[in-house]
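Structure first, commentary second.
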Amino acid sequence: MDLDTFAADLDALRERALAAVAEAIDPATLDVVDAAYLGRKGELRRLLSGIGALPVADRPRVGAIANPTRQELEAAIATRRERLEGIHMDVRLAGEAEDVTLPGRPLARGSLHPLKETEREIARFFARYGFVPYESPEVETDELNFQALNIPPDHPARDLWDTVYVVPPAGQPVEATADRSRWLLRTHTSPGQIRALRELEPPMRVLTPGRCYRYEATDASHGSEFFQVEGLMVDEGTSLAHLRGLLDEFAHHLFGADRGTRFRPGYYPFTEPSVAFDIACVVCDGAGCPACGRTGWMTILGAGMVHPVVLRNGGLDPERYQGFAFGMGVDRITMLRFGVPDLRAFYANDLRFLERF
């Protein structure tokens, strides 16, 4: 091979390469062209590897011919790459463009569970009268759940609560856990009364909401887990009249200003006297129907004056302080508010039901 032949081959390579660069339709294709002509195994390198066949006198002139060709091809590839990448970006932006005049995508709106909404509504009402939330644990001792509330181990009232006893919580001292039956899932929120009495100073007004547990069969009106809200007020001179006025306002707030109310005798070991608080049936409005047992009344909570024994167990002098307490099932109040006949509907996690609220 002589220099003229080499120059002709180089010119032909240049023409093919420039044509291939011009025909490249995207950056990936251009990369293939770049490798095919200027890569380590490309055509230009293979052509230059044949300079050994040239006469010795012609070899120094190869660089003067080959270098401008290489530079021209590199410049052509760079220019084409810039153009293709610009086109690629334009196409991508066009595909990702958002029409800001279109209406937004609707978002599914969540809501509070009806039990939680009712619990908050109860708390909002009593907050007007100075009652503040007081949290107590769900795992309690037998002493606080029963004994301090005037329910000793041999008291027949224990039959009213089907209790779930548990293994004591981790970290409790040995002497406090020797008798495992001393620990249980609280059967009511009343243990919060004792905790509040021992922790706070009168005058006090507290509201103790929370989940309770009983070993019961589940049906339309009973559950093994349920929610309660309990209120406690302690001061000098607190009377049953204060309790009656407060509960009347509560019933009128939830069920209407014209809703009839009444006290009737009841029994709870931790209050004396004890009362059941009834409202005119929300189904028949007091006329009498199957929902209210033809009586025209529905019981919504129990209440009474705090028993002197409970005040004493809470560290207060019953000769100086008096108090009242009331407790209600959030589940039952919610059923009455919304006319739901079956308690189990609230725990079925059926969105079709829950979305009604």
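Before moving on, here are some points about what is shown:
- The three principal axes of the C-alpha atoms in the stretch 3-96 carry coordinate ranges of 60, 19, 16 Å, sorted with the longest axis first.
- Computed 3J(HN,Hα) for the stretch 79-87, one whole-Hz value per residue from the Karplus formula 6.51 cos²θ - 1.76 cosθ + 1.60 where θ = phi - 60°, is 5, 5, 4, 4, 5, 5, 5, x, 5, glycine and proline marked x.
- Packing-based ranking, highest mean first, of 348-356, 325-333 given that Cβ atoms within 10 Å are counted: 325-333, 348-356
- Listed residue (Ala22, Ala78, Ile65) projecting farthest to the positive dipole end of the stretch 3-96, Cβ model: Ile65
- Table column - 3J(HN,Hα) (Hz), the stretch 194-204, Karplus curve with 6.51, -1.76, 1.60, x for Gly and Pro: 5, 4, 5, 4, 7, 9, 9, 10, x, x, 9
- Size of charge dipole - the chain - debye, nearest 20, with Cβ of Lys, Arg +1 and Asp, Glu -1, no other charges: 280
- Proximal charge balance of Pro269 [Cβ under 15 Å; K/R count +1, D/E count -1]: -4
- The 3J(HN,Hα) values that the Karplus relation (6.51, -1.76, 1.60; θ = phi - 60°) gives for the stretch 344-356 are, in residue order, 5, 4, 6, 10, 8, 6, 8, 4, 4, 6, 5, 5, 5 Hz. Gly and Pro appear as x.
- For the peptides 95-106, 183-194, the ranking by packing is 183-194, 95-106, with the highest mean count of neighbouring Cβ atoms within 10 Å listed first.
- Average Cα contact separation per residue, the chain, under 8 Å, 6 or more apart, as relative contact order %: 14
- Reciprocal mean inverse distance between Cα atoms of the chain - Kirkwood radius, Å: 27.5
- Computed from the C-beta positions of Asp26 and Glu138 and an R0 of 56 Å, the FRET efficiency is 0.30 to the nearest 0.05.
- The chain: angle of helix 27-38 to the longest principal axis, Cα-based, in degrees nearest 10: 30
- The antiparallel fraction among DSSP beta bridges confined to the chain stands at about 95%.
Readers should treat all values here as calculations from the given coordinates under stated rules, not as data from a laboratory. Quantities reported herein were computed from a predicted structural model and do not represent experimental measurements. So basically every Cβ, Gly included, is an ideal-geometry build from the backbone, and we count neighbours across all protein chains shown.
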